[in-house]
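All remarks here apply to the structure that follows.
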Amino acid sequence: MDRLREKTIQIGKQGIRLERFGLQRWMELEKLSEAVYEAAGVGNPHDTAEAIYRYLTAASGLSHEYLSDLSWMDVAMLFAEIENLNACRSDLPILRVALKKQEKAPWDYPQREWYSMANMLAAAYGWTLDIIAELDVDDAFPLVQEILTDEQLRREWEWQTTEISYPYNKATKTQEFRPLPRPEWMIPPAPKIKNVKWRKEWMPVGNVVDLSGMLDAKQKLN
Amino acid sequence: MPNKSSISPLGMEDALRLCGEISPFVEESYDELSVDFIKKIVDKMREVDVDVYLRCIQIMTSKTDEELMKLQSLDILEIFIDGLRTNQILSLYKFGRGLRYVS
């Protein structure tokens, strides 16, 4: 895949070199980007501006003093350029699933997401941390999806060889196979409901009388 | 009196503050190339909340209430228009929306 690895943009008379980061720094930057959108969502101008400066300092090495002297247009341009340069271009099912906010595990620690991903890639391919840290995200995420797919399919195979995958159904008096649930990103999207054309003359006419008895039951309850 | 030269583009924090104040009066359909949209903003402010007008000018000029009260209303309007143009208010609004800072 042909990717733009770096770019120089002009702020006033100064040329600022921006780069596309490898997986480890990309994940750090993503955390800072989340902090920007979180602060903006709260609507606090001071916290939002500070979060943007922290993001830009991490991505470009420019100091807080320098950034706070720039006009908002220059800061916004830098922010947009860095986000664009570091955008993940892989359209993967695993990235399309909205992540639910999970409670932090007791064994959680800063940078756990990076180490968790590095652990997965190292175990699968035998790469060292240095190599994984420099992987492009457009390569890293498809590989992680492949690892998770392999793992799920292996678990499904193991599951169907066990007895608990065939629970006894009292109604049919047989054992029926119950598949291992798949993660959300592996489930095909539900088909769209087709629009059915309904003719005007098919609509009911006259008074509508409830014959179901539900209305009487409700009145009795009240 | 703050003249044209005294209005310079805002830093990020003040720009976001301005964006928060002015966003209820801005629509994305406004045309940045014409200044007609500024009249629409002022008209809406007049209907809804007049104080926003002064608060926006204070953000753009760092002038106090007293300093602004000494000015003619036409001069204040000129500062307001110049401030919005200098700060590319429609781009600022779009930036604020992109960040989900304003809705």
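Every number in this text was worked out from the coordinates using simple rules, so none of it is lab data. Bear in mind that the values here come from a model prediction, so they are computed numbers and not experimental data. Cβ atoms come from the backbone with ideal geometry, glycine included; neighbour counts cover every protein chain shown.
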With +1 on the Cβ of every Lys and Arg and -1 on the Cβ of every Asp and Glu, the dipole magnitude of the protein assembly as shown about its Cα centre, in debye rounded to the nearest 20, is 1420
Among the range A:86-127, those whose backbone N falls under 14 Å of a label point 7 Å along Cα→Cβ from A:E19 are A:86
So the compactness index of the range A:1-87, its C-alpha Rg divided by 2.2 N^0.38 Å, takes the value 1.06
For chain B, averaging the sequence separation of alpha carbon pairs under 8 Å that lie six or more residues apart and dividing by its residue count, the contact order in percent is 47
Between A:I16 and residues 5 or more places away or on another chain, the pairs with built amide H atoms under 5 Å apart involve A:I9, A:Q10, A:I11
Note on chain B: C-alpha Rg/Rh, Kirkwood Rh, two decimals, gives 0.93
For the range A:1-87, the dipole about the Cα centre with charges only on Cβ (Lys and Arg +1, Asp and Glu -1), to the nearest 20 debye, works out at 360
Once both label points are put 7 Å beyond Cα along the C-beta direction, the A:T128-A:K170 separation in nm becomes 6.2
Hits in the range A:48-81: amide N under 15 Å from the 7 Å Cα→Cβ extension of B:S8, namely A:66-75
Per the Kirkwood formula over distinct C-alpha pairs, the hydrodynamic radius of the range A:115-221 in angstrom is 20.5
Pseudo-spin-label distance A:D91 to A:L4, built 7 Å along Cα→Cβ, given in nm, is 2.0
So the FRET efficiency between A:I193 and B:Y30, C-beta based with R0 = 56 Å and rounded to 0.05, is 0.90
dims of the protein assembly as shown, Cα set, principal axes, largest to smallest, nearest Å -> 91, 76, 40
1/(1 + (r/R0)^6) with r = Cβ-Cβ of A:F177 and A:E30, R0 = 35 Å, i.e. FRET efficiency to nearest 0.05, evaluates to 0.30
